[in-house]
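Asks: Dumping the structure here so I can ask a few things about it.
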Amino acid sequence: MFTLTEQKIDHNMLTEKVKNKRSGAFACFEGWVRNHNHGKSVTALHYEAHDKLAVEVGAQIVAQALKNFDINHAHCCHRVGALAVGDVAIWVGVSADHRGAAFAACEYILNQVKAEVPIWKNEYYENGESGWVEANHCC
Amino acid sequence: MKITIELYGRLKQTFGKDTLVWQTEADNPKDIYLELCKHHQSADESNFIKPIIDDTFCDWTTTLDETHVLGFLPPASGG
């Protein structure tokens, strides 16, 4: 499942969505808003999405992960709207029988969401400027 | 025809508005996009941009009419 939220991401609530008695492994990734990018001091972010297509594409990515990897449950939640430094921007959680598949599926979902889901990041800088961020596939 | 165009992400900055009504003789997303680029003296980035019609992904060559809402999505930069 893939969701968008304007509220602070609640990782405890999201973890419950993938928790199950079959799984012995849980892999989770949180993307946090950092206070710098390309040498500039970042004070805040604003994420904009095409809501309908973001949810559709995100759900397809999670569904593909469930087909491609030996996992039990997966969920990805992306924050939209105004975020402060330190806020969680994206949460990916995967449960599986064993850790290998959980780690691999978690990374797959994250990479695909960053590349394909129509969400865009606008950064606000300490000097008062702002700028749309280009796709970033750094590890 | 007059067609409504929705712009997302940095394309709002490139083309100056979130939404605009565009007068055109063109009838497909590619030609309309190129008209916008020419009008705003902006580089053609159609290799990276995805067109949508009525909130659904479409081909650049899909035939449009005035009832459609055309949109252009820049490359994703979430996460």
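None of the figures in this text is laboratory data; all of them are computed from the coordinates on show. Everything quoted here is computed from the prediction, not taken from an experiment. Every residue, glycine among them, receives a Cβ derived from its backbone with ideal geometry; neighbour counts consider all protein chains shown.
Asks: In the Gaussian network model of chain A, springs joining C-alpha atoms below 10 Å, which of A:Glu129, A:Glu48, A:Glu116 carries the largest mean-square fluctuation?
Replies: Maximum among the listed residues: A:Glu129.
Asks: May I ask which of B:Lys2/B:Lys50; A:Lys114/B:Lys38; A:Lys8/B:Lys50; A:Lys17/A:Lys40; A:Lys67/B:Lys12; A:Lys21/A:Lys114 have a Cα-Cα span longer than 26 Å here? Before the final figure, lay out each step's value.
Replies: Numbers: B:Lys2/B:Lys50 21 Å; A:Lys114/B:Lys38 30 Å; A:Lys8/B:Lys50 30 Å; A:Lys17/A:Lys40 37 Å; A:Lys67/B:Lys12 37 Å; A:Lys21/A:Lys114 30 Å.
With Cα atoms farther than 26 Å apart: A:Lys114/B:Lys38; A:Lys8/B:Lys50; A:Lys17/A:Lys40; A:Lys67/B:Lys12; A:Lys21/A:Lys114.
Asks: Also, quick follow-up: Grab every C-alpha pair in the stretch B:2-73, bin the distances at 5 angstrom width from 0 up to the longest one, and report whole percents.
Replies: Computed distribution, short to long bins: 3, 17, 33, 30, 14, 1.
Asks: I'd like the Kirkwood hydrodynamic radius of the protein assembly as shown, using the inverse of the mean 1/r over distinct C-alpha pairs, in Å.
Replies: Values: mean 1/r = 0.0537 Å⁻¹.
Radius from the Kirkwood sum: 18.6 Å.
Asks: Would you tell me the mean number of C-beta atoms belonging to other protein chains that fall within 10 Å of each C-beta in B:9-15, as a whole number? Walk me through the intermediate numbers first.
Replies: Details: counts 11, 7, 2, 4, 4, 1, 0.
The mean count of partner-chain Cβ atoms within 10 Å per residue comes to 4.
Asks: How long are the semi-axes of the equivalent ellipsoid of the stretch A:31-139, defined as square roots of 5 times the Cα gyration tensor eigenvalues? Whole Å, largest first.
Replies: Details: eigenvalues 162, 43, 23 Å².
Equivalent-ellipsoid dimensions as semi-axes: 28, 15, 11 Å.
Asks: What does the structure give for A:115-124 when I average, per residue, the other chain Cβ atoms found within 10 Å of the residue Cβ?
Replies: Numbers: counts 5, 4, 3, 12, 6, 11, 6, 5, 1, 0.
Mean partner shielding for this stretch: 5.
Asks: Another question, then. If you consider only alpha-carbon coordinates, what radius of gyration and Dmax does the stretch A:1-58 have, in Å?
Replies: For the stretch A:1-58, the Cα radius of gyration and maximum Cα-Cα distance read 15.3, 46 Å.
Asks: Between helix B:29-39 and chain B, what is the angle of the helix's C-alpha long axis to the longest principal axis, kept within 0 to 90° and rounded to the nearest 10?
Replies: Tilt of helix B:29-39: around 70 degrees.
Asks: Right, next: Mind checking which aspartates and glutamates have their C-alpha under 15 Å from B:Lys30, skipping anything on the same chain fewer than 8 residues away?
Replies: Partners within reach: B:Glu6, B:Asp44, B:Glu45, B:Asp59, B:Asp65.
Asks: Mind ranking B:24-34, A:93-103 by how tightly packed they are, going by the mean number of other C-beta atoms within 10 angstrom, highest first?
Replies: On the way: B:24-34: 16.6, A:93-103: 19.6.
Result, highest mean first: A:93-103, B:24-34.
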